[in-house]
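To keep things clear, I will list the structure first and then write my remarks on it.
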Amino acid sequence: MQREITVRTNGPGLYEFTDEVSAFVQESGIAEGLLTVFVRHTSCSLVIQENADPDVRRDLNEFFRRLAPPADDPSMRWVTHRSEGNDDMPAHIKAALTQTSLGIPVTDGRLLLGTWQGIYLFEHRDRPHRRRIVLHLTD
C-alpha cells in the first residue's frame, strides 16, 4: 500500500506529521509490516525526534543553523552553489547529514514508535514549501 502526502512549511524547522502517518497505517488494515517514509526533495529531510519538549526542536534548529549558516556568512565563503539563494547550499548540506527515508516497524496495526517519538519533516529552506512525502507499507 502506498500514499503520497504533502507537508506545508513556513521556513526552517521541524514539522511533525506523525498523526497522518498513523492514520495511513490504521486505514491500511496491515497488522504487521514495515513502513517506509520517503521525502521527494533534496533540501529537506526526515527525522524521528522527541515530540514532548519543544526545546529539543529549538536546539536542533539552532545546532543545524550554526553547523551550516547561510552562504553569505563569512565562514561559508567557499560555497559556490547559490542558484536559489543563500540558504540553498546550506539546505543541501543539512539534508545530506540527516535522512531522506525512514523505516518504521508496524505491529498490531500501529507504528512501533517510542513514547516520546514523533515523525518530522525537517525543513532547511527559508521560504515556504509544499513537501511531498511517500508512505509505503509492506506486510
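The values are calculated or read from the model by the stated rules, or taken from the named source; none is laboratory data. Predicted model only: the values in this text are computed from it and were never measured. Glycine gets a Cβ as well: all are built from the backbone with ideal geometry, and neighbour counts include every protein chain shown. Just the protein is used for accessible areas: all its heavy atoms, side chains included, with ligands, DNA and RNA removed. Shrake-Rupley method; radii C 1.70, N 1.55, O 1.52, S 1.80 Å.
Averaged across orientations, what area in nm² does the convex hull of the alpha carbons in the chain project?
8.2
Does anyone have the angle between helix 54-67 and the longest principal axis of the chain? Alpha-carbon axes, 0 to 90°, nearest 10?
The angle comes out at about 40 degrees.
If you average the C-alpha positions of region 76-99 and of region 30-59 separately, how far apart do those two centres end up, in angstrom?
If you average the Cα positions of each part, the centres end up 21 Å apart.
Rolling a 1.4 Å sphere over the protein heavy atoms, what is the accessible area per residue of the chain, to the nearest Å²?
For the chain, the per-residue accessible area is 56 Å².
Only residues of region 1-22 count here: report those whose backbone N is under 19 Å from the spot 7 Å along Cα→Cβ of Thr138, or say none.
1-4
What is the extension gain from Glu20 to Phe63, computed as 0.36 nm multiplied by their sequence separation minus the C-alpha to C-alpha distance, in nm to one decimal?
Extra length available between Glu20 and Phe63 comes to 12.7 nm.
How big is the dipole moment of the chain about its Cα centre under a simple scheme where the beta carbon of each Lys and Arg is +1, that of each Asp and Glu is -1, and everything else is neutral? Debye, nearest 20, please.
520
Which percent of the accessible heavy-atom area of the chain goes to carbon and sulfur, probe 1.4 angstrom?
Looking at the chain in its full context, I get 48 percent from C and S.
Debye calculation, C-alpha points only, no solvent: report log10 I(q)/I(0) for region 30-104 at q = 0.17, 0.18, 0.28 Å⁻¹, in the same order as the q values.
Treating every Cα as an identical point scatterer, log10 I(q)/I(0) equals -0.76, -0.82, -1.26.
If you rank Arg131, Arg57 by how much accessible surface each has, with a 1.4 Å probe, what is the order from largest down?
Arg57, Arg131
Pairing the Cα long axis of helix 88-97 with the longest principal axis of the chain, what angle in degrees results, from 0 to 90 and rounded to the nearest 10?
So the inclination is approximately 50 degrees.
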